[in-house]
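Data first, discussion second: the structure below is written as structure tokens.
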Amino acid sequence: EAKRDGRGRFVEFRAALEDDRRRKIGIESALRSALKDRVIKPAFHRQIAIASDRLIGFEALARWTDPDHGMISPMEFIRVAEDTQQIRELTHQMLSHACNAAAGWREHGFHGRVAVNISTSLLVGPLVETVQDVLMLTRCPASALELEFTETAFLNRDDRCRETMIALRNLGIRMTLDDFGLGHAPLGLLQDLPVDSVKIDRSLIRTVDSSAQTRAVATAITELCHALGMQVTAEGVETDRQLAVLGEIGVDAAQGFLYGRPAAYETFINEIRSLRTETNATA
Ligand code: C2E
Ligand code: MG
Ligand code: MG
Ligand code: MG
């Protein structure tokens, strides 16, 4: 009886593995045609300066709806792209879309930044050249571009990672450590990073208004970042109470569903036009 149970579970486990493998292969090939047809597009998510409540920029998040698989989460397809050597092309397309958007918004009077996520594996390779090409082709100034990296980029012992980041930063691009506070990287990592800002991970923001411990951790991160000359953004801000606490702590900027969902480029054109009218009116 017990033996049959065990074997049953094993068979189930194998079947699940097989399903995973099939789905991954399916996504891998769907991704190839999606990149060929350039159907993966960014959705832009607002970033707001907490003290002034002003729009300062957007994060570009990859969005893909496949005819067979439906909408696929970037959590899933970015991983497949990384495992199947398609991440370079995907990032190139995201950079082009994002820089085009930044350049377009500038024509409507908005001079904020657009942030693009960069996988650590791209730090060895021609990333600097790719970024320079995209900036030139889209006529986007380097100062309008922000690049987000995760801690693996900094924990990496490969000197080329650091050199690439320094070269990008020297172009005038804003460099950001994404998802900080997940608990894999020590606070000490923050010293001597070639970055201008740090994003506190959503997992900490979730309880920042309900847990004294979380608030203490967020405060320590913020004070350390400020002492080291870096700015701090909170991601995943969903409520006014969280925002109020973040303001008290001194966090510089906020991003999250409190300010709406990520949306397509065109969605923001009217908003940006009205921002210009506002500043013109008060000028
Ligand atoms: P991330 O860079 O940390 O992006 C933030 C994620 O949190 C986004 O999920 C966003 O929709 C979600 N989010 C933002 N505010 C809130 C909130 O208030 N509440 C909740 N519950 N969620 C919020 P998304 O778009 O599913 O992206 C997931 C991850 O996929 C991103 O995490 C990023 O690591 C990766 N990703 C997305 N686009 C790209 C890309 O072009 N290249 C690379 N390498 N990675 C990307
Ligand atoms: Mg990010
Ligand atoms: Mg993040
Ligand atoms: Mg995160």
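The values are calculated or read from the model by the stated rules, or taken from the named source; none is laboratory data. Please read these numbers as outputs of a predicted model, since none were measured by experiment. Cβ placement follows ideal geometry from the backbone for every residue including glycine, while neighbour counts extend to all protein chains displayed.
Before moving on, here are some points about what is shown:
- Cβ-Cβ under 9 Å pairs, at least 6 apart or on other chains, segment 157-174 side in contact (Cβ under 8 Å) with a residue 24 or more places away in the chain and on the phi > 0 side of the Ramachandran plot, far side assigned to a helix (DSSP H, G or I) and of a type in the set (G, A, S): G172/A142; G172/S143
- Of the helices (runs of 4 or more DSSP H) lying entirely inside segment 112-173, those carrying at least 3 residues that are surrounded by fewer than 15 Cβ atoms within 10 Å (Cβ to Cβ), of a type in the set (D, E, K, R) and more than 17 Å from the chain's Cα centre (by Cα) are 159-170.
- Candidate set from segment 218-239 (those that are away from ligand 4 (no atom under 16 Å from the Cβ) and polar (S, T, N, Q)); member that is farthest from P186 (Cα to Cα): T239
- Hey, G256 surrounded by fewer than 17 Cβ atoms within 10 Å (Cβ to Cβ) and touching a strand residue (DSSP E or B) at 6+ places or on another chain (Cβ under 7 Å) or not: no
- Per-region count, segment 189-202, residues in contact (Cβ under 8 Å) with a residue 24 or more places away in the chain and either at positive phi or more than 10 Å from ligand 3 (Cβ to nearest atom) (or both): 9
- The residues listed here are A234, A218, A254, A244; of these, the one that is over 16 Å from the mean Cα position of the chain (by Cα), among the aliphatic types (A, V, I, L, M) and within 28 Å of A62 (Cβ to Cβ) is A218.
- Of all the residues in segment 78-106, those that are polar (S, T, N, Q) and farther than 11 Å from P42 by Cβ number 4.
- The single residue among F149, F154 that is modelled with pLDDT under 95 and within 16 Å of ligand 3 (Cβ to nearest atom) turns out to be F154.
- Any hit, segment 87-98, residues being more than 15 Å from ligand 1 (Cβ to nearest atom), of a type in the set (D, E, K, R) and either touching a residue at least 60 places away in the same chain (Cβ under 8 Å) or touching a helix residue (DSSP H, G or I) at 6+ places or on another chain (Cβ under 7 Å) (or both): no
- In segment 64-75, the residues that are outside any loop (DSSP other than H, G, I, E, B) and more than 9 Å from ligand 1 (Cβ to nearest atom): W64, T65, D66, G70, M71, I72
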